[in-house]
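Enquirer: The following block contains the structure, expressed as structure tokens.
The values are calculated or read from the model by the stated rules, or taken from the named source; none is laboratory data. Everything quoted here is computed from the prediction, not taken from an experiment. Note: ideal-geometry Cβ built from the backbone for every residue, glycine included; neighbour counts use all protein chains shown. Note: accessible area is taken over every heavy atom of the protein model, side chains too, but ligands, DNA and RNA are not part of it. Shrake-Rupley method; radii C 1.70, N 1.55, O 1.52, S 1.80 Å.
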Amino acid sequence: MKQIFHIFLKDACRYWRESAVSIALVTAFGWNEVRGWAHQNAFGSDSADFFTSKYLLGLVVVLLPVAWAFMVVRVIQGETLVGDRQFWVTRPYEWKKLLGAKLLYVLTFVNLPLVALQVYLLSKVGFHPATYAVGLFWMQVSIALYLLLPVAVLAVVTSTMVQVLLASLIIALYVGGMVALSTQVPSSSFSSSSDWLSGGLFVGTGLAIIVLQYARRDTMKSRWLMVGLAIVLFLFLVGTPYKTLVEHNFPQIGSGEAVPMQMALLPPEDPGGIGVFNKDGEAEVQLPMSVGGITPGDIIQVDGVLVEIRSPDGMRWDPGWTSPGLVLYPDQKATKATFTIKKDLFERIKALPVQIRISIAFTVFRERNRRDFIVPTGEFAMADAGLCSVESTFLPKIQCRAPVHGPTSLLLSTDMSMSTCPLEKGDVPASSGEIARAWTRNDDSAPPEPGISPMKDVDFYFSNANASSQQRRPGVCPASPLVLSNPEAVARNRIVLDADGVRLVEYQTKQMVITIDRSAVSR
Amino acid sequence: MSKAIRTENLVKRFRKVEALAGLDMVVPEGAIYAFAGPNGAGKTTAIKILMNIAGATQGRAEVLGLDSMRLAGRNFASIGYVSENQELPEWMRVDAFLAYLRPFYPTWDRALENDLVKQFDLPLNRKLKNLSRGMRMKAALAGALAFHPKLVVLDEPFTGLDPLVRDELIQGLLERAEESTIFISSHDLAEVESFASHVGYLERGKLSFSEELTSLVDRFREVELTFDAPPTLPAQLPETWMQLNTSAAVVRFVESRFDAEKTSSAVRSVFGSVRSTLFVPMSLRSIFLAMAKAGTALRTGAGTKRADL
């Protein structure tokens, strides 16, 4: 332990500038965050100052991780592990103590100020920090895994900052390549089953490289481990049987089993206009679908949609699973399945009567713990969501600041006919039973969201799935009655819809064309 | 006598280049061992393996009775290592450098540290990066001697130093020679001749010989034979004769197993009568030069068979 403190003190003396900058940025972040809340609460009073504050916060949010990364690299490279000329390798340094000293430095100058800031911010809002100790701990872990671990891995296999930057560039190119590749691999964006495995492999390999470097200083082996990891992640991306995983995770409902929802393809709408292609030269096709049969109290989250097309000439098109981000409620009557198709293929088959098979993977959520809630005036506490207030001047919403973690699953429902918001000119009063909802959820198994601030902004935007786009967005005002509930996942299933004789051209997204009479303009 | 350093068939290859080609070496405890050899002979590579800075491709090395591959952490509390290539924490002042090293060594001797600082005339308040090469080497040496190491390993410590600084360093070393084994590599033979007790000569990754300096100097002589008329050289010469050359009635060679009676007898049996015989003691440098030339001649096939050393 003595050696750990001895090395730590040496580093603290040597890198006091880096530590000071990092602590200053943490302080600036805290100051700006509190200032931002004040402006948020009094929005509109001084919008110029508000935007300055936002700009500063954005700058600090970028600079702080950079300062941490720079400091970690400098501290680790203070006793560089690469090369054979370092004076310390032939001194009585014990590798575990050297590693311990570096860890202590990071804990002292990254985690400790961050925890202090988070405790201060929680207290400032009015939350008792001790209640959120576990969450704060996980926030530190997430900072360590998302930021400090990759930086430390780079630092232990390089000897200079230039080498770190070069390695970062190579990694950025690799990541860019993987992201580009993932868009080409069917279904890869849908299934996250292999993400946990990749994440675990990344963390495991990163820790192994750090330990290997400190224990053996075997840089060549460590660098090969990094290359190996890159290759394995690549193989995961291209080799994961995404479709099989989806089919396994979302079993198809068998005949005779109760179906949590009914869906059917609707005839094409004809809003007029001409079909458009996006900038990638793809046609966007929207399949309107009727929705029904959802049990009151259930919510269907559509996790994935797979559209397969078979043309009369035998051509089969299957772009893989996509994540539509759709949520269906019991009173919902219709929705749309949207997909894009390459222009040349679309042009070839658009007028042909094709067979379409739509597979829908979904999760059934059931409302639990329903309770009534009357929206108070001003700032109010709402269970699971933290401190909230009604924002009605711009986009009607309830905005909340949740401590450490946003609500796991919180559904806010309101009967729009009982809204206390004053009707504006042109507003049509809602009929009784027209429900607007706002639902926010985080993956149950996910640790607290990574970030610097312990306060998570959660906004509840209310929408009514059956409202037309011309209708004003429903809002809530003080005294509006709400029903709060915590929907829980109860089942995961898959249904398959088949439709014959579909002409894609009829379902292509249309755009209105406005023709300008030039002669009229000139007059 | 127990051994401070022992290597057995130590081999180090860098791809196709063989830096060490089966090094067998023994350094007795208490010796001042000069590890000599030309540039590129593999001295630094051997030392890096001894200090576990680099791994061997084959063979093994022991340092203070421990496998060099296991040398780590607290084992270095009894080893002082200084290299010309070593990167010191240059941002530190000399006093901070010594103060930083202190807690690492249970046997650190503050009085000795002060003595070394005085002896080397170290400017305590200056940063290492602002010191001259000689001063930096002195600071490194002070940090490597102040804890009474059992073994001091120095890799080309005198390279590029002026004679005065070199003498100061040597003086500093000699004053601690009684308590330590000193292993010092150098390509400059003159600088180690004055104080080494043992010498090993590394050439092309192999030790040509390794022995006590006095016995080495004793067994080498430059022999000058003067004849009445130019002699006829026989086809077969004794294997211990090196660099034989003739000039009119004078024959010169280096005897590598000198014994006055035996060498005189060998001369008589080869040449018969000789007008005069002169045995000239050789400096270490001359001995190495003779051996190096003999080695080169042997490799190029231009000379006679190399002497059995």
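Enquirer: Pairs, please: C-beta under 7 Å, at least 6 apart or cross-chain, first residue closer than 11 Å to residue A:64 by Cα and in segment A:12-25, second buried (at least 19 other Cβ atoms within 10 Å of the Cβ) and among the small types (Gly, Ala, Ser)?
Expert: Partner pairs satisfying both residue conditions: A:21/A:67; A:22/A:67; A:25/A:67.
Enquirer: I've got another one for you. Please go through segment B:33-54 and give me each residue that is among the β-branched types (Val, Ile, Thr) and more than 9 Å from every other protein chain (Cβ to nearest Cβ), ordered by number.
Expert: Taking segment B:33-54 as the starting set, the residues that turn out to be among the β-branched types (Val, Ile, Thr) are B:44-45, B:47, B:49, B:53.
Residues satisfying the conditions are B:44, B:45, B:47, B:49.
Per-residue answers, yes or no, for (1) among the hydroxyl-bearing types (Ser, Thr, Tyr); (2) assigned to a strand (DSSP E or B):
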| residue | (1), (2) |
| --- | --- |
| A:345 | no, no |
| A:352 | no, no |
| A:363 | yes, yes |
| A:377 | yes, no |
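Enquirer: Additional query: Checking residue A:421 against (1) open to solvent by less than 40 Å² (accessible area, probe 1.4 Å); (2) among the hydrophobic types (A, V, I, L, M, F, W, C); (3) farther than 17 Å from residue A:438 by Cα, only one condition comes out false. Which one?
Expert: Just one mismatch for residue A:421, condition (3).
Enquirer: I've got another one for you. Just checking, which of A:132, A:174 is in a helix (DSSP H, G or I), farther than 20 Å from residue A:77 by Cα and open to solvent by 70 Å² or more (accessible area, probe 1.4 Å)?
Expert: A:174
Enquirer: Under the condition of being in a loop (DSSP other than H, G, I, E, B) and more than 22 Å from the chain's Cα centre (by Cα), which residue from segment B:64-84 is farthest from the other protein chains (Cβ to nearest Cβ)?
Expert: B:71
Enquirer: For residue B:82, state whether it is more than 27 Å from residue B:5 (Cβ to Cβ) and of a type in the set (A, V, I, L, M, F, W, C).
Expert: No: the conditions fail for residue B:82.
Enquirer: What number of residues within segment A:346-360 are at pLDDT 90 or above and either farther than 30 Å from residue A:336 by Cα or touching a Leu at 6+ places or on another chain (Cβ under 8 Å) (or both)?
Expert: 6
Enquirer: Kindly evaluate residue A:125 against the criterion of being more than 14 Å from chain B (Cβ to nearest Cβ), at pLDDT below 90 and open to solvent by less than 50 Å² (accessible area, probe 1.4 Å). First the steps, then the outcome.
Expert: Values: more than 14 Å from chain B (Cβ to nearest Cβ): yes; at pLDDT below 90: yes; open to solvent by less than 50 Å² (accessible area, probe 1.4 Å): yes.
Yes, satisfied.
Enquirer: Just one of A:304, A:256, A:314 is open to solvent by 60 Å² or more (accessible area, probe 1.4 Å), small (Gly, Ala, Ser) and either part of a loop (DSSP other than H, G, I, E, B) or within 30 Å of residue A:442 (Cβ to Cβ) (or both); which is it? Walk me through how you get there before you give the answer.
Expert: Numbers: A:304 fails: open to solvent by 60 Å² or more (accessible area, probe 1.4 Å); A:314 fails: open to solvent by 60 Å² or more (accessible area, probe 1.4 Å).
Criteria check complete, one pass: A:256.
Enquirer: Being within 11 Å of chain B (Cβ to nearest Cβ) and out of contact with any Cys (no Cβ under 9 Å at 6 or more places or on another chain), is that true of even one residue in segment A:15-25?
Expert: yes
Enquirer: Which of the numbered conditions does residue B:57 fail, given that it passes all the others? Conditions: (1) farther than 23 Å from residue B:169 by Cβ; (2) among the β-branched types (Val, Ile, Thr); (3) at the interface with another protein chain (Cβ under 10 Å from one of its Cβ atoms).
Expert: (3)
Enquirer: Another question, if that's okay. So residue A:264 passes all but one of these: (1) open to solvent by 40 Å² or more (accessible area, probe 1.4 Å); (2) of a type in the set (Gly, Ala, Ser); (3) within 23 Å of the chain's Cα centre (by Cα). Which condition number does it fail?
Expert: (3)
Enquirer: Filter segment B:149-161 down to the residues that are modelled with pLDDT of 80 or more and part of a loop (DSSP other than H, G, I, E, B) and list them by number.
Expert: Those that are modelled with pLDDT of 80 or more and part of a loop (DSSP other than H, G, I, E, B): B:149, B:150, B:156, B:157, B:158.
Enquirer: For residue B:91, only one of the following conditions fails: (1) at the interface with chain A (Cβ under 9 Å from one of its Cβ atoms); (2) buried (at least 16 other Cβ atoms within 10 Å of the Cβ). What is its number?
Expert: The one condition residue B:91 does not meet is (2).
Enquirer: Now, a different point. Would you kindly identify the strands (runs of 3 or more DSSP E) lying entirely within segment B:170-241 that contain at least 2 residues that are open to solvent by less than 40 Å² (accessible area, probe 1.4 Å) and in the same structural domain as residue B:277 (by TED's automatic domain parsing)? If you could, list the steps in order and put the result at the bottom.
Expert: Working: elements: B:181-186, B:198-203, B:206-212, B:221-226.
Here the list reads B:221-226.
Enquirer: Please go through (1) farther than 26 Å from residue A:108 by Cβ; (2) part of a helix (DSSP H, G or I) for residue A:152 and return the number of the only condition it doesn't satisfy.
Expert: Single failed check for residue A:152: (1).
Enquirer: Could you tell me whether segment A:288-300 includes any residue that is out of contact with any His (no Cβ under 8 Å at 6 or more places or on another chain) and over 30 Å from residue A:439 (Cα atoms)?
Expert: Checked segment A:288-300: no residue is out of contact with any His (no Cβ under 8 Å at 6 or more places or on another chain) and over 30 Å from residue A:439 (Cα atoms).
Enquirer: Here's another thing I want to ask about it. Looking at B:154, B:128, which one is touching an Asp or Glu at 6+ places or on another chain (Cβ under 8 Å), of a type in the set (A, V, I, L, M) and either open to solvent by 10 Å² or more (accessible area, probe 1.4 Å) or touching a residue at least 40 places away in the same chain (Cβ under 8 Å) (or both)?
Expert: Residue meeting the stated conditions: B:128.
Enquirer: Any chance you could count how many residues in segment A:68-85 are within 11 Å of chain B (Cβ to nearest Cβ) and open to solvent by less than 10 Å² (accessible area, probe 1.4 Å)?
Expert: Number of matching residues: 1.
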